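Any read-out appearing in this document is the output of simple, stated calculations on the displayed coordinates, not a laboratory observation. Keep in mind it's a predicted model, so treat the numbers as computed, not measured. Cβ placement follows ideal geometry from the backbone for every residue including glycine, while neighbour counts extend to all protein chains displayed.
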Amino acid sequence: MAHRWYPILEAGDSFLASAPMRHTRTVDLPFPPEETWAVLTGDEASSWTRGMEKLTWTSERPFGVGTTREIHMSGNFVLKERFYRWDDGKRKTFTGTAASRPIFRRLVEDYVVEPTPHGSRLRWLWAAELRAPWDLPLVRHALDRFFFAPTGRSHIDGLRAYMTTRR
């Protein structure tokens, strides 16, 4: 299906600290960092996130700075992303570049994988600014409460269950 694309202003690390909407999540995993990283950069990431139907890497491997992908969410919402940071095995950060609906003004997600004595820790930060009329306080609050926050929780918290069951 062809989509009309609405540009998203590219943002960087300063936006991670200053965005009007932010979600952070941390999960400890009983898997080595290499295994956690491999799952996060694999093709199956959509399988454990609520509302995510398909993830398509639109860049060739090996991935690095400039890598792109598309995320297909329920409700026929598609998001285009470009990674501006790629520290292989440790950290990756993307900015949204376009979406099939005019919801986001700016969007950044940051993933950090660190070793722990019992496996690895994933730290995730999601930062966004919405376009009008989605940025009205009541609308923003409702979207955050019923979509953005639960989707973020399922994305990070669901990783442990997914990795455990695929063994």
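Worth pointing out:
- Residue within region 90-105 that is touching a residue at least 12 places away in the same chain (Cβ under 8 Å), closer than 21 Å to T24 by Cβ and out of contact with any Leu (no Cβ under 9 Å at 6 or more places or on another chain) present: yes
- Matching residues, region 92-147, being surrounded by fewer than 19 Cβ atoms within 10 Å (Cβ to Cβ), more than 17 Å from the chain's Cα centre (by Cα) and in a strand (DSSP E or B): E114, P115, T116, G119
- Scanning region 22-55 for residues that are more than 13 Å from the chain's Cα centre (by Cα), in contact (Cβ under 8 Å) with a residue 60 or more places away in the chain and under 25 Å from G12 (Cα atoms) yields T26, V27, P33, T36, W37, V39.
- Residue list for region 99-145, restricted to those being among the hydrophobic types (A, V, I, L, M, F, W, C) and more than 18 Å from M21 (Cα to Cα): V112, V113, L122
- Selection from region 32-56 of residues that are in contact with a His (Cβ under 8 Å, 6 or more places away or on another chain) and part of a helix (DSSP H, G or I): S46
- Taking (1) in a helix (DSSP H, G or I); (2) under 16 Å from the mean Cα position of the chain (by Cα); (3) surrounded by fewer than 16 Cβ atoms within 10 Å (Cβ to Cβ) in turn, H155 satisfies each apart from (3).
- For first residues located in region 2-13 and in contact (Cβ under 8 Å) with a residue 24 or more places away in the chain and of a type in the set (D, E, K, R), partners that are surrounded by 13 or more Cβ atoms within 10 Å (Cβ to Cβ) and assigned to a strand (DSSP E or B) and lie 6+ apart or on another chain with Cβ distances below 7 Å form the pairs E10/T95; E10/T97.
- Scan of region 58-72 for residues that are more than 16 Å from T95 (Cβ to Cβ), out of contact with any helix residue (DSSP H, G or I) (no Cβ under 8 Å at 6 or more places or on another chain) and not charged (D, E, K, R), ordered by number: P62
- Failed item, numbered, when S59 is tested on (1) touching a strand residue (DSSP E or B) at 6+ places or on another chain (Cβ under 6 Å); (2) buried (at least 16 other Cβ atoms within 10 Å of the Cβ); (3) of a type in the set (S, T, N, Q); (4) in a loop (DSSP other than H, G, I, E, B): (2)
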